[in-house]
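Trainee: One structure follows; several queries about it will come next.
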Amino acid sequence: MWSLVISVRSVRCIGSRSVVSLIPTLQKLSFGNQESRYGSTAARTRLHQVRRAYFTSHTVDPTELKKFQAWSAKWWDEEGIYKALHAMNDIRVPFVRDVLMSKSYHDVGCPLSGIKILDVGCGGGLLSEPLGRLGAAVTGIDPLEDNIRTAILHKSADPALDKLIQYKPCTLEEVAEQDFESFDAVVASEVVEHVNNIEAFIQSCFHVLKPGGSLFITTINKTKISYVLGIVLAEKVMSLVPEGTHDWDKFIPPEELERLLESNGFVVDTLRGMLYNPFMGSWRWFDDTSINYAVHALKTVRQEQTSDIDFEKEQDMPKAAEASI
């Protein structure tokens with residue numbers, strides 16, 4: 001979730017990622033290739049069956065849950081182990097706000113009013129609350145019930161937030177089973193470096209987003225410098241975060257993340273580096289993505305409806321030909 005960042009040029013170490021066997025089937029059904037040309041009812045029925053089978057495979061890592069279980073009551077200690085995440089709000093909240101405001105006009109005083117956001121891995125609500133204060137209807141989810149209890153308790157102090165934010169102790173896959181194309185935006189900040197299967201995670205995000213919806217990700221690059229600073233120095237030497245917080249093997253280079261996004265129905269719109277100054281306790285945007293970075297991607301518009309229309313046209317062609325004889 002956190003890493004110590006300095007301006008250093010480094011060599012990128014790109015890790016390989018497994019490919020989920022159901023990707024081709026999901027892509028063909030979702031984007032209107034030949035296999036989806038069965039008419040609207042048959043195509044949707046088959047797509048539903050495939051999705052239900054697919055979403056039984058959870059991306060949650062039990063080992064990661066054990067780490068964060070012990071820290072569930074510490075989310076709102078601004079000088080504690082989540083200090084860097086509190087500080088990150090200074091740049092990640094405006095990032096989400098400005099992108100979403102640029103897509104349509106919104107009242108300046110309540111810029112995210114009417115926008116539905118899913119905050120995945122919300123923890124104690126550190127990002128959900130400021131997004132809710134901007135007017136967004138936020139659903140925060142986390143697989144740890146203790147995290148959700150902390151989040152609910154903290155938001156209860158503000159009656160306005162109580163109406164705008166709801167928290168659920170569940171996984172992204174559980175949401176994906178029920179809420180197809182329900183959200184305008186999904187935020188996964190400092191989350192993907194803790195999941196079991198990044199590609200499956202991205203596919204679930206695609207499933208819950210409306211066509212044209214936004215996916216925001218902040219995470220850590222997989223480089224030698226990210227290992228030295230983010231794990232050795234931050235965890236083992238300076239004890240900025242508990243030892244074992246991160247697993248370098250789960251870090252992902254931006255080019256690999258971009259490939260996974262684009263192969264699963266997204267178009268990457270923005271990629272920006274992030275720099276954390278541990279002495280000042282502050283973040284800023286940075287040209288170098290060798291350690292921390294942020295991504296904004298857009299879900300492409302599904303072609304399933306178009307395919308259904310094409311199928312119906314193909315069915316009518318013989319009738320038209322007979323009428324012309």
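Coordinate-derived values only; no laboratory data. The model shown is predicted, which means the values in this text are computed figures rather than measured ones. Every residue, glycine as well, gets a Cβ built from its backbone with ideal geometry; the counts of neighbours run over all protein chains shown.
Trainee: Is region 152-219 best put as rounded, prolate or oblate by its Cα gyration tensor, with a ≥ b ≥ c the root eigenvalues, rounded for a/c under 1.5, and otherwise prolate when a/b is larger than b/c, oblate when not?
Mentor: Cα axes put region 152-219 in the prolate bin.
Trainee: Give a quick list of trypsin sites (Lys or Arg not before Pro) in region 68-133 that DSSP marks as loop, anything other than H, G, I, E or B, with at most 15 other Cβ atoms within 10 Å.
Mentor: Here the sparse-neighbourhood loop sites are LYS74.
Trainee: Could you pull out the chymotrypsin sites (Phe, Trp or Tyr not before Pro) across region 81-146 that fall in loop regions by DSSP (anything but H, G, I, E, B) with no more than 10 other Cβ atoms inside 10 Å?
Mentor: TYR105
Trainee: Which semi-axes, in whole Å and largest first, does the equivalent ellipsoid of region 123-179 have when worked out from the alpha carbon gyration tensor as the square roots of 5 times its eigenvalues?
Mentor: 19, 13, 8
Trainee: Another question, then. Filter the GluC sites (Glu not before Pro) in region 114-205 down to the DSSP loop ones having no more than 14 other Cβ atoms within 10 Å, then list what survives.
Mentor: Passing both the DSSP loop test and the Cβ count: GLU181.
Trainee: Another question, if that's okay. Quick one: of LYS116/LYS299; LYS224/LYS250; LYS155/LYS210, which pairs are farther than 19 Å apart, Cα to Cα?
Mentor: LYS155/LYS210
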